[in-house]
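Asker: I am attaching a structure below and will ask some questions about it afterwards.
The values are calculated or read from the model by the stated rules, or taken from the named source; none is laboratory data. What you see is a predicted model, and the numbers here were worked out from it, not measured in a lab. Virtual Cβ from ideal backbone geometry, glycine too; neighbours counted across all protein chains shown.
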Amino acid sequence: MKKWLIPVIVIVVIVFVLYRWFVGFNNNAVILQESAKTTWSNVESSYQRRNDLIGNLVQTVQGAADFEKTTLTQVIEARAKATQVTVDPTNITPEQMAQFQQAQSGVSSALSRLLVTVEQYPDLKANQNFLELQSQLEGTENRINVARDRYNESVNAYNIHIKKFPGSLLAGLFNFDEMTRFAAEEGAEKAPDVKFDFK
């Protein structure tokens, strides 16, 4: 074997190993990032399901009881605001996430007020359609929570991949930025104050 051939083989092996490392990091980062984007779509899908159910709930309540129009209007307005806030899954910023969460919080708050107000109408509470919608909303809230948890898990896997050394060196080279997680709203750690008014 010729002496000049040994350094060439070593260089080729080093280049091949580096190439495989670069490709492996990039492909894993792309897979994890796309997985996180998909889970974000599932979060949005769960919120969309809730928005679709709100229309049915409002119609059922409106048709079954003549009650406070302000509460009903608040639900409709909160739903409208929530559907206007969109987040780009390719570039979720903490500000976009906060705006999205604030809009969805408005829907949750308005729905809570609606359901409390409805408690004053025995005929409506016993209505099968209303009970089914109430059950669907409860299930949807659970789906939203699960979707948010899965999104955070996906973002966590992606962020760890791009932050771990030596991958962190390549993350900047390939323009992989950290993704934003869902965070609990301020004050969410406090238990809600539940009061029953039996008057």
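Asker: Applying the selection to segment 134-170, what residues are within 30 Å of A110 (Cβ to Cβ), surrounded by 15 or more Cβ atoms within 10 Å (Cβ to Cβ) and of a type in the set (S, T, Y)?
Answerer: Pass one, segment 134-170, residues within 30 Å of A110 (Cβ to Cβ): 134-155.
Right, trim to surrounded by 15 or more Cβ atoms within 10 Å (Cβ to Cβ) and you get 134, 136-137, 140, 143-144, 147-148, 150-152, 154-155.
Those that are within 30 Å of A110 (Cβ to Cβ), surrounded by 15 or more Cβ atoms within 10 Å (Cβ to Cβ) and of a type in the set (S, T, Y): T140, Y151, S154.
Asker: For the list (1) over 30 Å from I160 (Cβ atoms); (2) surrounded by 15 or more Cβ atoms within 10 Å (Cβ to Cβ); (3) at pLDDT 75 or above; (4) of a type in the set (S, T, Y), I need the number of the one condition that T39 fails.
Answerer: Looking at each condition in turn, T39 falls short on (1).
Asker: Quick one: what pairs do we get from segment 1-22, first residue closer than 30 Å to S168 by Cβ, second assigned to a helix (DSSP H, G or I) and of a type outside the set (D, E), C-beta under 7 Å, 6+ apart or different chains?
Answerer: Pairs found: F22/L170.
Asker: Hey, among the residues in segment 22-36 that are more than 24 Å from D88 (Cβ to Cβ) and out of contact with any helix residue (DSSP H, G or I) (no Cβ under 8 Å at 6 or more places or on another chain), which one's surrounded by the fewest Cβ atoms within 10 Å (Cβ to Cβ)?
Answerer: Selected residue: V23.
Asker: OK, next. Tell me, please, whether a residue that is over 30 Å from I76 (Cα atoms) and in a helix (DSSP H, G or I) can be found in segment 40-49.
Answerer: no
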